[in-house]
Amino acid sequence: MHTRYPAPANARPLGLGFVTAVTNSASPAAHWRELALTHGDGGFAHRATDEAALERAQRAIRLVYETSDEREAAELLNAMLAEHTGHAELAELSDGRWALRPALSPAADAAAALLHTAAFALGSWLAERGRCAWGSCAAEGCQNVFIDEGRRVPQRFCGGACATRTRVAAHRRTAAARKDGDLPPR
């Protein structure tokens, strides 16, 4: 008998958190093992890493996150799917959950695994949501990407820290403009 483990209440569809974390990593090869283990797939942790190949994969994936046009995203993802995926498989993860994902050759390196996973996960997310439910952080100086998990208003920031920092900066600019007389007092 198989024991079933409920997914955490805040669990994203498998793969999206991993793809986002690796895309946001300043050094994906150095953090590959930790990210793979954190996101539930120890099998990914042991894949060979090549910093240059992972950086190329990050750039390709970032192009998808940076588009808000569904057709453009579909074209990018279809190109990735054509180049980087074969058949799909059900795989049991170390925490007992099951994941539908692209089957990877045992010889596939980390960059190939990342591109396979990104194409499959982002493509599934686009199909499920019917829109590009992802983006790049709007905070000044932040390069992070994120998955928009269904708020009423489209998400603009990668997290609360960037949203707060942007809101505080806007408040300070407004307060300074009022002090200088550039804006009428409240």
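ALA121 versus (1) without any contact (Cβ under 8 Å) to a residue 12 or more places away in the chain; (2) touching a Gly at 6+ places or on another chain (Cβ under 6 Å): which is the lone unmet condition?
In the conditions (1) without any contact (Cβ under 8 Å) to a residue 12 or more places away in the chain; (2) touching a Gly at 6+ places or on another chain (Cβ under 6 Å), ALA121 misses (1) alone.
Would you mind stating whether TRP98 is touching a Phe, Trp or Tyr at 6+ places or on another chain (Cβ under 8 Å) and among the aromatic types (Phe, Trp, Tyr)?
Against the criterion (touching a Phe, Trp or Tyr at 6+ places or on another chain (Cβ under 8 Å) and among the aromatic types (Phe, Trp, Tyr)), TRP98 does not qualify.
Give segment 53-72 a look and list any residue that's closer than 15 Å to THR20 by Cβ and among the aliphatic types (A, V, I, L, M), or say none.
Scanning segment 53-72 gives LEU54, ALA57, ALA60, ILE61, LEU63, VAL64.
Pick from segment 14-36 the residues that are closer than 18 Å to ALA108 by Cα and either touching a residue at least 40 places away in the same chain (Cβ under 8 Å) or not in a helix (DSSP H, G or I) (or both): which of them is nearest to the chain's Cα centre (by Cα)?
Ranking the candidates gives VAL19 first.
Take residues that are modelled with pLDDT of 90 or more and surrounded by 15 or more Cβ atoms within 10 Å (Cβ to Cβ) and tell me which of the strands (runs of 3 or more DSSP E) falling wholly in segment 58-168 contain 2 or more.
Because the criterion is at least 2 residues that are modelled with pLDDT of 90 or more and surrounded by 15 or more Cβ atoms within 10 Å (Cβ to Cβ), the strands (runs of 3 or more DSSP E) in segment 58-168 that meet it are 134-136, 145-147.
Examine segment 32-50 for a residue that is in contact with a Gly (Cβ under 6 Å, 6 or more places away or on another chain), surrounded by 14 or more Cβ atoms within 10 Å (Cβ to Cβ) and under 21 Å from SER124 (Cβ atoms), and state whether such a residue exists.
Yes.
Kindly indicate which of GLU128, GLU83 is charged (D, E, K, R) and free of Cβ contacts under 8 Å to residues at least 60 places away in the same chain.
GLU83
The values are calculated or read from the model by the stated rules, or taken from the named source; none is laboratory data. Predicted, not measured: the structure shown is a model, and the values here were computed from it. Note that each Cβ is placed from the backbone with ideal geometry, even for glycine, and that neighbours are counted across all protein chains shown.
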